[in-house]
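Q: For reference, the structure I am asking about is given below.
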Amino acid sequence: MHSNTQLTINRKPEVLKRLGLAKSTLHDRINQNLLPPPISLGARAVGFLQHEIDAVLAAMAAGKSNSEIRSLVLKLVAQRKLAAQGD
C-alpha cells in the first residue's frame, strides 16, 4: 500500500452487512486473526479498511483455508505498520 493510495473506511454496520455476520461472529473472527481488526477513528469510533475486507472476501470466495486467510490477515496488518512508518 502506497501513501498516495486513497483509503476507504467502512464502519461496523456496513462490514457486518457485507460479510453477513453477527457482531459476535465478527469479533470472534478478528480474535482468531480471520479478519483484520478495525482502526481507531477517534475516542469511540472504529472503522475497517475496505481493501483489507475486500482481500479477505476474495480469499474466502477462492476457497482459501482458515490457515491461508490467517496468513493473509497477518500480512495485511503488517502492511499497515509499514505504511505508517513510511509517512
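Q: Using DSSP to define loop residues, name the trypsin sites (Lys or Arg not before Pro) in region 40-74 whose beta-carbon has at most 16 other beta-carbon atoms within 10 Å. Show your work: numbers first, answer last.
A: On the way: sites: Arg44, Lys64, Arg70; in loops: Arg44, Lys64.
Hits after loop and neighbour filter: Arg44, Lys64.
Q: Measuring from the lowest to the highest alpha carbon on each principal axis, how far does the chain reach, largest first, in angstroms?
A: Projected onto the principal axes, the Cα atoms of the chain cover 34, 28, 20 Å.
Q: I want to verify a result. In a Gaussian network model of the chain, Cα cutoff 10 Å, which of these has the top mean-square fluctuation: Ala55, Ala22, Ala43?
A: Ala43
Q: Quick one: dipole size for the chain, taken about the Cα centre, charges +1 on Lys/Arg Cβ and -1 on Asp/Glu Cβ, in debye to the nearest 20.
A: With only Lys, Arg, Asp and Glu charged at Cβ, the dipole is about 220 debye.
Q: So what's the gap between the Cα centers of region 52-87 and region 15-51, to the nearest angstrom?
A: What the calculation gives is 13 Å, centre to centre.
Here, each number is a calculation from the coordinates, and none is a lab measurement. The shown structure was predicted, so the numbers you read here are calculated from the model rather than taken from an experiment. No Cβ is skipped: glycine too gets one built from the backbone with ideal geometry, and neighbour counts run over all protein chains shown.
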